[in-house]
Amino acid sequence: MNRPFDTERLRLRPFREDEGEAWHAIWGDPDVIWWGANESLEQSRSVLQRLVRREREEWPDGLGWLAVREQGGDEIVGDVLLQPAQFVDGIEVGWHFRKHVWNRGYATEAARGTIEQAFATRVCDEVHALVALQNEPSLRVAAKLGMQAVKEIEYADLPHRMFVRHASEA
C-alpha cells in the first residue's frame, strides 16, 4: 500500500473501502472515464472495495490507488495509481481527475509525486504509462513527467502509446 504524502498543492493518501461516492464522482463520469464509466454508485462501491482488498492482500508494499485532495480541502478530486501493469511486465502509473479541476496541472503534480515516491522508496526502478492516442491531455501529462514514448499498441480495442520513465532519469 502507498503511504500518504503531500505535494505543493495536493494531499495524496490510499483510498478506503467506504469512499465509493467519491470514487463514483470520478469513475462514474463518462466525460472522465470515456472508455467505460461505472454505470451506478453500487458498481463503483463494489469496484473500489475489490480494488482496496486486492491492494492490501496481493500487491507489494508501495503499490496502490491514491485519493487526491487539494491541500486544505475535503473533496477527493482525483486518483493516481501505481499498480502491476496489465500491458507490460512492470509497474504502471495512471491518473484520473474530476472535470472541475481539469487544466490546473493536478494530474502532472500528483503523478510526479507518486513516481518520485516510488523511486525514492525503491518500489520500482521504472514506471510505465499507457495512454490512448485520442487522450491528448494525458499524452501531454506523460511528456511533462519526462516519460519516453516506447511504442504504440492496441489495448482494449483502442490505439495507445506506451511510455516509460526510469529512476536513473529522475
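Summary of computed values
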| read-out | value |
| --- | --- |
| Fewest-first sequence of W27, W34 by Cβ atoms within 10 Å of each Cβ | W34, W27 |
| Where labels lie 7 Å past Cα in the beta-carbon direction, separation of R50 and D31 in nm | 2.8 nm |
| Gyration tensor verdict on the chain (Cα atoms; rounded if a/c is under 1.5, prolate if a/b is larger than b/c, oblate otherwise) | rounded |
| Charge dipole (debye, nearest 20) of segment 102-142; +1 at Cβ of Lys and Arg, -1 at Cβ of Asp and Glu | 120 debye |
| Cα-centre dipole for the chain with unit charges at Cβ (Lys and Arg positive, Asp and Glu negative), debye to 20 | 360 debye |
| R122 paired with N103, simple spin-label distance in nm, labels 7 Å along Cα-to-beta-carbon | 4.4 nm |
| Three-way shape label, segment 3-84, alpha-carbon gyration tensor, a/c 1.5 | oblate |
| Rounded if a/c under 1.5, otherwise prolate or oblate - segment 83-132, Cα gyration tensor axes | oblate |
| Estimated inter-spin distance, L158 and D6, nm [label 7 Å along Cα→Cβ] | 3.5 nm |
| Antiparallel bridge percentage (DSSP; both residues within the chain; nearest 5) | 95 percent |
| Span from the segment 56-116 Cα centroid across to the segment 1-40 one, whole angstrom | 8 Å |
| Highest-fluctuation residue, Q117, Q134, Q148 considered, GNM on the chain with Cα pairs under 10 Å | Q134 |
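Read-outs: derived from the displayed coordinates by stated rules, not from any lab. Note that the structure is a prediction, hence the values are computed from the model and not measured. Every residue, glycine as well, gets a Cβ built from its backbone with ideal geometry; the counts of neighbours run over all protein chains shown.
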